[in-house]
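Let me begin by presenting the structure, written as C-alpha cells, before commenting on it.
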Amino acid sequence: MKIRILGGCLRMFSWGAVLLLTGSVLVLLGYLLVKGVPSLGRELIFGQVDVLDAVLLRKRVFDGLFPAIAGTLSVVLLSVGLAIPVGVCAGIYMSEFATVLQQRVFGLMFDILAGIPSIVIGLFGFSGAIFIHKYVSNDFRPCMAVSVVALAFLVLPYITRTTQASLQGLSIQIRQAALALGATRVQNIFYVLLPQSFSGILSGIILAIGRCAEDTAVIMLTGVVATAGIPGSLLGSYEALPFYIYYISSQYTDSAELMSGYGAAIILLGVCAILFLLAFIIKRQLAGPAGPEPGRFYV
Amino acid sequence: MYNPIKIRVENLTFSYHKTPIFENVSLDFEAQTITAITGPSGRGKSTFLSILNRLWESQPVARMQGKVWIYLDGQWIDIYSRTLSKPDLRRKVGMVFQTPNPLPMSIYKNMAFPLKLTGMADKALVEAKITRALEQAFLWDEVKDRLNDSALGLSGGQQQRLCIARALVSQPEILLLDEPTSSLDTGAASVIEDLLVSLKERCTLIVVSHYLEQVSRIADTALKLKAREFRQV
Amino acid sequence: MTRITQKAARIVFFFSAAASAMAAALVFGFLLVFGFPLIGGGEFFSLLTRRWSPGQGLYGFLPMITGTAAISVLSIVFAFPLSLGTVCFMGGLGPAWISRLLDGFVRFMTGIPTVIYGFLGIFLLVPFVRTLFTSAGSGMCILSASLMLSLLVSPTMIIFFKDGFDSVDFRYIQAADALGADNVQRLIYVILPGAWPGIVTGVIMGLGRAMGDTLIALMIAGNAVHVPGSILDSTRTLTAHIALVSASDYESLAFKSIFACGLTLYVLNALAVIAVRRLGRKRGPV
C-alpha cells in the first residue's frame, strides 16, 4: 500500500534527521572537549599569578583568562541590572494596564527590538558613543558603559516578554483573591501577582544573563578589546570571554594560546548551557508538577 | 434473555500516578446489549472505557494489570497481546467522546477518514459504507445534500451523531460512548438515546452516563463505579 | 498606599513600557541620522546595487547582500529537513523516552554561543571542506558557513515547529487515534496540516536568525568582497561587513555606509516580524 511505503520513508527520514543533528553536535562538542579539557586548570585562568593575589587584585594577570572572565561578569551583571527594572515594569504594564491597541503597538515594537541583529545593536551603541564624543566630551570613546547600555537594549525584550507572559498566565482566582479583600491594583501586583509569577520572571532573567554572556557582536563594536586587564572603570575598555575566543582564533601565535582558546570555549559553553538549561527547568516548574487530570487521555 | 459474552475483563487493577483507580475488577459484558456505567465523576469511568480500546497508553504514568478479552471472529482475543494491533483494535472497538470531535474537514471527508486509514480505494464501496453508516446514525436525511460542507458547521447534536456515524463506518462490533449526551440539549439527547437503542442489533454498547433517568431508559444492565469497584444496580 | 503612590506606580509602569517600545525606534533613528550623508539624496538604492570598492569611492554592498542571501537560504535548506524530521520524530515516529531526551538536548543546543560554532568551524569543519572540495580554496566559503549556521538555527526552528505541532487541537488527535490511525497516519493527516502556520513561522524565525548572525559568517565564510559564483566561493555577509568596516576611521564615507547596511538588516528584520505576527493573527488572538 502506498501509505505504508510513505510511512516507512517518513520514519527513516525522521530517524536520519535526529541522528544527523545530534551526531554533528556531539562530534563538535566531543572535539572541543578532547582539545580543551587538557588545558583546563588553574593556569588557564590565572596564568602564573597566585589565585588569591589575582582575585584580590593585588597582581595583574597577563596570561590567563581571569581579566576576560571578570570583564564578562561585570558587563553582564551591569547590563542585566539595567534591563531588569525597565523590563519588569514594562511587562507589568503590558499585562495589567495596557489597552488592546497599546498591546498591539508596543508588542510589535518589542518584537522588532527582539529581532534586530546583534551587530546592528552594536552599531547603534557605537553611534551613540560617537554622538557623545562629538557633543558632550571629546574624551569619550567606546567603553564598558556603552556596552552595558547596548547589551541592555539587546536583552530587554527577553525580560519584558517573560514578565508579561508569566503575569498573564496567572489564573483568575489568584488575580481576584486580594482584590476581593479590598486591595488596590498596585497592591495586588506587588503582594500577590509578582511573587506568584516569580519563577517565570526569574527564568527570563537567567535567559537574559545567558544571552549577554555569550554575545560577541555587540561588545565588538562597543568597547571590548583583546588586552585591558581587569575592568577598572565604566569609561574604560575591558576584556570579555567570547571576544577572546574570536580574537584567538585568528591571532594565536603558538599552540599554547590556541589551547587556551579551546579552554575558554569550554568555560563559555559550560556557563551558557547551564544558564539556559536552568531557565528552562525553572519555566517547567511553573507549568506545575501536577500533571494531566485522569480522564484526559493525552498529555 | 441470554446473550453470549462479548467482553470479559479479568482481575483488572489500574493505577494512575500511583493512585489506584481499579482493584481486581472482573466483569463480563453480554453481546448486543447496552451496559451503562454510572457513578460519581472523576473516579475512573472514562478511564475504564479507555482500557477497552487501549487509548490510555498515550499516558506514561499509568499502570495496568489484568486481562481484557474480546470475542471476535469466532475466538477470544487478548487485546493486550500482539495478536491485534492498536489501530486494528480501534476499528473493532469504536469510541465516541463527551464533546463531539469532528475533524476540521467536510462531512464526507470525516466519514471517509477511517476508510482512508485502511487504504480503501474503491470509491463506490466507500460511498456505500458512508451512506449506510449515516443512515444507521439517523443523520443521512439531514446531511445528504451537504456532504461537502464543513462538519464544524453542524449543530451539537448533529456533530455527535456524525461522530457516532464515523465510528460506525468501520463496522465495529463494540461501541464505547463516554457521556455522549452531556453536552447536548434534551431534544438532541433523546434522538441519540433512540439511536443507541437501535444500534444494539449491530453492536455491543457500553455507555458512561451520569443521567440516571437516561440509564433506566436505555440500559439493559447498569454498573455503578464506586470505591474502585463495580456494583450491579 | 496612598492614591498618589498608586498613580506614581502606574506612570512608572507606563513609561517603562513606552521607553522599551521607543528603543526600537531609537535604534532606527540613530542609524538613519548617521547614515544620512549617503542615504539622503536618493543614494540608498544605488548602494544596494553597487560594488564595494572604497578606493574608487564605491560603497555599494550588493556583494554582501548576495552573501547574506546565499548563506541564509542555504542554511535553511540544510536546517529545514533536519528540524522537521526531528519534530516528526518527537511527534510520534520515535519512542517517547528518546523524544524526551531529544527535547532536553535541543534546549541545550539553544545555549551554544555562535562564537563557539565559529571557533569549531575554523578548526574542524573548514579543513574538512578544504580537503573534500579542492576548488574551495582555503575552505572558508559559503558551504562551511551554511553548515554551521544550520546547526545554529535548527533549535530555533525545532521549537517553533514543535509549538505548531502542540497547538493542534487535541480533540482532533483524539478522534484520529480512536478511529484507528497509527502514528504515521495521525502525523500526516491530522498533525502536519494543523501545524502548518507553526512551520511557516519557524522557517521565518530561522531565516531571520540566520540573516542576523555575525560570528559564523565572520569567522568561516571568507569575507571576500565579490558576488559569489558557487557555494564553494568565499563571501562576505552584511553582518560581517559591518563588523569589519567598523574598525576603520569613523569619519570616512566607507564607515558611514555601514549604517546603510544596518538599516537594510533592520528593515528586513522588521518585515519578518510583521509577517510572523500576521500569521499568528490568522490563528487566533495574540
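For segment B:198-231, name all the residues that are part of a helix (DSSP H, G or I) and either closer than 28 Å to residue B:12 by Cα or open to solvent by less than 10 Å² (accessible area, probe 1.4 Å) (or both). Working first, answer last.
Filtering segment B:198-231 for residues part of a helix (DSSP H, G or I) gives B:198-199, B:212-218.
Of everything in segment B:198-231, those that are part of a helix (DSSP H, G or I) and either closer than 28 Å to residue B:12 by Cα or open to solvent by less than 10 Å² (accessible area, probe 1.4 Å) (or both) turn out to be B:199, B:212, B:214, B:215, B:216, B:218.
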Exercise for review: Give the residues of segment B:106-129 that are within 9 Å of chain C (Cβ to nearest Cβ) and not β-branched (Val, Ile, Thr), sorted by residue number.
Suggested key: B:110, B:113, B:114, B:116, B:117
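Scan segment A:218-240 for residues that are buried (at least 24 other Cβ atoms within 10 Å of the Cβ) and not charged (D, E, K, R) and jot them down. If you could, list the steps in order and put the result at the bottom.
So the first thing to find is which residues in segment A:218-240 are buried (at least 24 other Cβ atoms within 10 Å of the Cβ), and the list is A:218-224, A:238-240.
Listed by number, the residues that qualify are A:218, A:219, A:220, A:221, A:222, A:223, A:224, A:238, A:240.
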Check your understanding: When only residues in segment B:55-79 that are more than 18 Å from the chain's Cα centre (by Cα), among the hydrophobic types (A, V, I, L, M, F, W, C) and farther than 18 Å from residue B:21 by Cβ count, which is nearest to the other protein chains (Cβ to nearest Cβ)?
Key -> B:77
Check your understanding: Can you name every residue in segment C:13-34 that is surrounded by 15 or more Cβ atoms within 10 Å (Cβ to Cβ) and at the interface with another protein chain (Cβ under 7 Å from one of its Cβ atoms)?
Key -> C:13, C:14, C:16, C:17, C:20, C:21, C:23, C:24, C:27, C:30, C:31, C:34
Exercise for review: Check whether at least one residue in segment C:195-217 is open to solvent by 30 Å² or more (accessible area, probe 1.4 Å), among the charged types (D, E, K, R), within 26 Å of residue C:90 (Cβ to Cβ) and assigned to a helix (DSSP H, G or I), and report yes or no.
Suggested key: yes
Practice item. Looking only at segment A:107-150, count how many residues are more than 10 Å from chain C (Cβ to nearest Cβ), outside any loop (DSSP other than H, G, I, E, B) and either open to solvent by 30 Å² or more (accessible area, probe 1.4 Å) or more than 22 Å from residue C:35 (Cα to Cα) (or both). Key: 7
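So, of the residues in segment C:1-12 that are open to solvent by 70 Å² or more (accessible area, probe 1.4 Å) and either more than 7 Å from chain A (Cβ to nearest Cβ) or part of a helix (DSSP H, G or I) (or both), which turns out to be modelled with the lowest pLDDT? Working first, answer last.
Residues of segment C:1-12 that are open to solvent by 70 Å² or more (accessible area, probe 1.4 Å), as a first pass: C:1-4, C:7, C:10-12.
Next, from what is left, pick out any that are either more than 7 Å from chain A (Cβ to nearest Cβ) or part of a helix (DSSP H, G or I) (or both): C:2-4, C:7, C:10-12.
Numbers: C:2: 67, C:3: 75, C:4: 80, C:7: 87, C:10: 90, C:11: 92, C:12: 92.
The selected residue is C:2.
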Check your understanding: Counting residues that are touching a helix residue (DSSP H, G or I) at 6+ places or on another chain (Cβ under 8 Å), at pLDDT 90 or above and under 30 Å from residue B:123 (Cβ atoms), which strands (runs of 3 or more DSSP E) fully inside segment B:48-108 reach at least 1?
Key -> B:93-96
Exercise for review: Inspect all residues belonging to segment A:71-80 and state whether any of them is closer than 25 Å to residue A:227 by Cα, surrounded by 24 or more Cβ atoms within 10 Å (Cβ to Cβ) and at the interface with chain C (Cβ under 9 Å from one of its Cβ atoms).
Suggested key: no
Check your understanding: Within segment A:1-38, can you find the residues that are within 14 Å of chain C (Cβ to nearest Cβ) and more than 24 Å from residue C:87 (Cα to Cα)?
Key -> A:1, A:30, A:31, A:32, A:33, A:34, A:35, A:36
Review point. Could you count how many residues in segment A:193-237 are outside any helix (DSSP H, G or I) and under 18 Å from residue A:121 (Cβ atoms)?
Key: 5
Check your understanding: Taking segment A:82-102 only, how many residues are touching a helix residue (DSSP H, G or I) at 6+ places or on another chain (Cβ under 9 Å), more than 7 Å from chain C (Cβ to nearest Cβ) and open to solvent by 40 Å² or more (accessible area, probe 1.4 Å)?
Key -> 4
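The values are calculated or read from the model by the stated rules, or taken from the named source; none is laboratory data. In this text the structure is predicted, and so the values were computed from the model without any measurement. Cβ: placed from backbone, ideal geometry, glycine included. Neighbour counts: every protein chain shown. Just so you know, the surface numbers come from the protein's heavy atoms only, side chains and all, with ligands and any DNA or RNA stripped out. Shrake-Rupley method; radii C 1.70, N 1.55, O 1.52, S 1.80 Å.
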